Every structure is written in C-alpha cells, then in structure tokens.
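The values are calculated or read from the model by the stated rules, or taken from the named source; none is laboratory data. Since we're looking at a predicted model, the values are computed, not measured. Methodologically, a virtual Cβ is constructed for each residue, glycine included, from the backbone with ideal geometry; neighbour enumeration extends over all protein chains shown. Heavy atoms of the whole protein, side chains included, go into the accessibility calculation; ligands, DNA and RNA do not. Shrake-Rupley method; radii C 1.70, N 1.55, O 1.52, S 1.80 Å.
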Amino acid sequence: MTKATDIYTQADQRRQSGNLPYAGAVTPEEAAALLQLDPDARLVDVRTRAELDWVGRPQIADDRYIHIEWIRYPGSVPNAQFLEQLRAQVTPNAPLLFLCRSAARSKVAAKLATENGFTRAYDILDGFEGDKNSAGHRKTVSGWCHCGLPWIGA
C-alpha cells in the first residue's frame, strides 16, 4: 500500500518541476488514496452547485468533502466569500485537495489559498470530468470519473 508521505513527496516533486505556486499536484487516484490514508486531508470541490446537481461529485465521506463555489451560480460571478468560507471549515495547515471540472479553477483556488496562509493546498490534476475527447465529451479521457474512482452521478 502506498503511504501518504510518498504521495505528498510526489506532489512536491510536481510542484518543483512545474514551478507551481502551491504545495503540489496529485492525480485523482492519489487524491482518493490520501482521503483514505490521511485523516486530516479534505477534498475542496470548487465547482458550482449546478455542476454538482447536473454532473455529480466524488463519493467520499461527508466529513472529508467540502463544497465552496469558486464562481457563483447563477450569474457566473466570483465568490467574494471564498476564503472566508474556507477558513470557517478547515485549519490553515490541513491538507486541502482542490477539485474542479478540468483542473483550471482548482489551480487558482489552490494558489489563492496558499497566498492566504493555507500551507498544504494541492491541485487535483485533470479534475472531476477531465479533458474533452474528439467528440467534445468529458469523463472519457482523464479525470476522477475516467479513473473509475467512486462518484455519485446526477
């Protein structure tokens, strides 16, 4: 079995090689493993409520899952309370695994968290749905769903 320390080391290596402005990056499989191995780890889903309702979300224990919209729905406006909501739910030294649809919003959320004192902010590579295939569909190329990790469908 992989150890949490091994996964965090790999994430840090990705940080160094990619010059990432946050603690590091993990694959969806590594994120799922960390949620099992590290009792302090939390998945922070930054997608909209509509995405959760219409697409689904990772199937993990409720006490390990945090939902905070990065962009508000409806209206597509930035969530001005993002940091306040994050601070209300986790301590600054908790390992935070940021997730969005395709790893765009999660990267900026991890960066903002790091800039504001969250020392263990990680991006989940490829996101929940991953990249589009040649037909424009997601969940078939990369991401949490494509990896066969448990999720609750909409």
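Counting only pairs 8 or more residues apart or on different chains, how many lysine pairs in the chain have their Cα atoms under 25 Å apart? Spell out each step's value before the answer.
Numbers: LYS3/LYS107; LYS107/LYS132; LYS107/LYS139; LYS111/LYS132.
Count of close lysine pairs: 4.
Quick one: Karplus J couplings for region 85-99, per residue in order, coefficients 6.51, -1.76, 1.60, θ = phi - 60°, nearest Hz, x for Gly and Pro?
Once θ is set to phi - 60°, the couplings for region 85-99 become 5, 5, 4, 6, 10, 9, 8, x, 9, 6, x, 10, 9, 7, 10 Hz.
Out of PRO58, PRO74, PRO28, any idea which swings most in a Gaussian network model of the chain, alpha carbons joined below 10 Å?
Maximum fluctuation in the GNM of the chain, among the listed residues, is at PRO74.
Which of these, GLY24, GLY117, GLY75, has the largest mean-square fluctuation under a Gaussian network model of the chain (Cα springs below 10 Å)?
Maximum fluctuation in the GNM of the chain, among the listed residues, is at GLY75.
Carbon and sulfur together cover what percent of the accessible area of the chain at a 1.4 Å probe radius?
Numbers: 3830 of 7640 Å².
Exposed carbon and sulfur together represent 50 percent of the surface.
With no solvent and one point on each alpha carbon, what is the Debye value of log10 I(q)/I(0) for the chain at q = 0.12, 0.14, 0.17, 0.18 Å⁻¹?
-0.45, -0.63, -0.95, -1.07
Counting DSSP beta bridges with both partners in the chain, what percentage is antiparallel, nearest 5? Intermediate values should be presented prior to the final figure.
Details: 5 of 18 bridges.
Just about 30 percent of them are antiparallel.
Each residue of region 47-58 in turn: what ³J(HN,Hα) in whole Hz from Karplus with 6.51, -1.76, 1.60 and θ = phi - 60°, glycine and Pro shown as x?
Once θ is set to phi - 60°, the couplings for region 47-58 become 6, 6, 4, 4, 4, 5, 5, 8, 10, x, 8, x Hz.
Residues with beta-carbon under 14 Å from that of THR2, excluding THR2: net charge, scoring Lys, Arg +1 and Asp, Glu -1? Present the calculation step by step, with values, prior to reporting the outcome.
Values: positive: LYS3; negative: ASP6, GLU29, GLU30, ASP38.
Summing Lys and Arg as +1 and Asp and Glu as -1 gives -3.
What do you get for Rg/Rh of region 65-154 when both radii come from the Cα atoms and Rh is the Kirkwood radius?
Values: Rg = 14.0 Å, Rh = 14.0 Å.
Ratio value, two decimals: 1.00.
Would you mind pulling out the separation of the Cα centroids of region 1-35 and region 62-109, in Å?
Cα centroid of region 1-35 versus Cα centroid of region 62-109: 19 Å apart.
What span do the alpha-carbon atoms of region 1-44 cover on each of the three principal axes, reported in whole Å from largest to smallest?
Here the spans come out as 28, 23, 16 Å, largest first.
What nm value, rounded to one decimal, do you get for the distance between THR9 and SER134 when each label is placed 7 Å out toward the C-beta?
Distance between label points: 4.0 nm.
Could you work out how much longer the chain between ASP63 and GLN89 gets when fully extended? Use 0.36 nm per residue separation minus the Cα distance between them, nm to one decimal. Write down the numbers at each step before the final one.
Numbers: separation 26, 0.36 × 26 = 9.36 nm, distance 1.04 nm.
Additional length available on full extension: 8.3 nm.
Among the trypsin sites (Lys or Arg not before Pro) in region 116-147, which ones are in a DSSP loop with at most 16 other Cβ atoms within 10 Å of the Cβ? Mind listing them? Walk me through the intermediate numbers first.
On the way: sites: ARG120, LYS132, ARG138, LYS139; in loops: ARG120, LYS132, ARG138, LYS139.
Of the trypsin sites (Lys or Arg not before Pro), the ones in loops of region 116-147 whose Cβ has at most 16 other Cβ atoms within 10 Å are LYS132.
Could you work out the relative contact order of region 2-91, using alpha carbon pairs under 8 angstrom and six or more residues apart, expressed as a whole percent? It would help to have the intermediate numbers written out before the result.
Values: 81 pairs, mean separation 17.7, N = 90.
Normalised by residue count, the contact order of region 2-91 is 20 percent.
Using Stokes-Einstein with the Kirkwood hydrodynamic radius over Cα pairs, what translational diffusion coefficient do you get for region 79-125 at 20 °C and a viscosity of 1.002 mPa s, in µm²/s rounded to a whole number? Display every interim value, and only then the final one.
Working: Rh = 10.6 Å.
In µm²/s, the coefficient rounds to 203.
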